[in-house]
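I have placed the structure first, in the form of structure tokens, so that the comments after it can refer back to it.
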Amino acid sequence: MMSFAKTDMGHQCHGACQRLGRHCHDTAFATVVLHGGYMEAGDEGRRTVEAGHVLIHHAYESHLDCFSQKGAELLVLPVPTDNGLPLFGTTTDPEGLLRTARSSLPDAWHHLTETWSSSEQRHQDWPDLLAECLRQDADLSLRQWAENMGLRPESVSRGFQRAYGSSPKAFRASSRARLAMQRLCGTRQSFCDIAASLGFADQAHMSRAVVTLTGSTPSHWRQSASSSPAS
């Protein structure tokens, strides 16, 4: 089972050129960049962010972070699971958010939603194109993809590992497990049908993948979704 990185809420500072290897959080949170910047390579792509940018992280997403020569000053806020905001955007009042957060993190989140503008900015190099294909196609042949792009398969594996901190195989497995969990919680589709539609060998294969990612079984997630007020 994957171990989870601690999510420290509130004001954070990171040093120049600091690198945080790929890690997974089991809680949802928003990161507001106050000063400086960094590059994040996550399950939903790579983005280079600077002051005023905001990243929304869903629970059980993984990413690595490479901070700039100026380091970065951040504000981390708890996020409701049903927040509805896209993954990336900007805020017009980062300093106001910090002031509000010093007295109330939930109020700071509410203030963020009022000052939010969405954006689609992300990297579009070949590792990012491959990441998108791995998310979309459970049967993707890495060798065939590399040949179609005019790249050597072994170079693709090494380059993707450098860019995302994960092998293509592990990235695809994690993405598929997260998608399975979302369907378990968001639909009434049978476990067998979910497994088949996502390219798992069988229901047991899907169950192992979900437990590896989250520490809990598909039955647990289905029951939790059924008993939540929002269901």
> Taking one equal scatterer on every alpha-carbon of region 126-227, how large is log10 of I(q)/I(0) by Debye at q = 0.09, 0.25 1/Å?
Replying inline: -0.26, -1.23
> What nm distance separates the two modelled labels at residue 132 and residue 216, each placed 7 Å from Cα along Cα→Cβ?
Replying inline: 3.3
> Assuming R0 = 35 Å, what is the FRET efficiency of residue 123 and residue 102, from their Cβ-Cβ distance, to the nearest 0.05?
Replying inline: 0.55
> From the residues 141, 181, 224, which one has its Cα farthest along the dipole of region 126-227 in the positive direction, the dipole being from +1 and -1 charges on Cβ of Lys/Arg and Asp/Glu about the Cα centre?
Replying inline: 224
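What is the Å³ per residue value for the convex hull set by the Cα atoms of region 1-126? Mind dumping the intermediate values first?
Values: hull volume 13.3 nm³, N = 126.
Once divided by residue count, the hull of region 1-126 is 105 Å³.
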> Per the Cauchy relation, a quarter of the hull surface: what is the mean projected area of the convex hull of the alpha carbons in region 66-111, in nm²?
Replying inline: 4.1
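With a Förster radius of 22 Å, plug the Cβ-Cβ distance of residue 27 and residue 185 into 1/(1 + (r/R0)^6) and report the FRET value to the nearest 0.05. Walk me through the numbers before you get to the answer.
Details: r = 15 Å, r/R0 = 0.69.
That pair, residue 27 with residue 185, gives E of 0.90.
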> Gap in Å between the Cα centre of region 115-144 and the Cα centre of region 1-71?
Replying inline: 18
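Using Cβ contacts closer than 10 Å as the measure, can you line up 6, 169 from fewest to most? Could the numbers behind the result be given before it?
On the way: 6 8, 169 12.
Taking fewest neighbouring Cβ atoms as first place, the list is 6, 169.
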> With a 10 Å Cβ neighbour count serving as the proxy for reagent exposure, in which order, fewest first, do 212, 115 appear?
Replying inline: 212, 115
> If you rank 156, 54 by fewest surrounding Cβ atoms within 10 Å, what's the result?
Replying inline: 156, 54
> So what is the calculated 222 nm ellipticity per residue for the chain, using -39500 (n - 2.57) for each DSSP H run with n of 4 or more, over all residues, to the nearest 500 deg cm²/dmol?
Replying inline: -12500 deg cm²/dmol
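Say R0 is 25 Å: what FRET efficiency, to the nearest 0.05, do residue 8 and residue 51 get from their beta-carbon distance? Intermediate results must be reported in sequence, preceding the final value.
Values: r = 20 Å, r/R0 = 0.80.
After rounding, the FRET efficiency stands at 0.80.
Every number here is computed from the coordinates shown, using simple stated rules; none is lab data. Just so it is clear, the model here is predicted, and its values are computed rather than measured. Cβ: placed from backbone, ideal geometry, glycine included. Neighbour counts: every protein chain shown.
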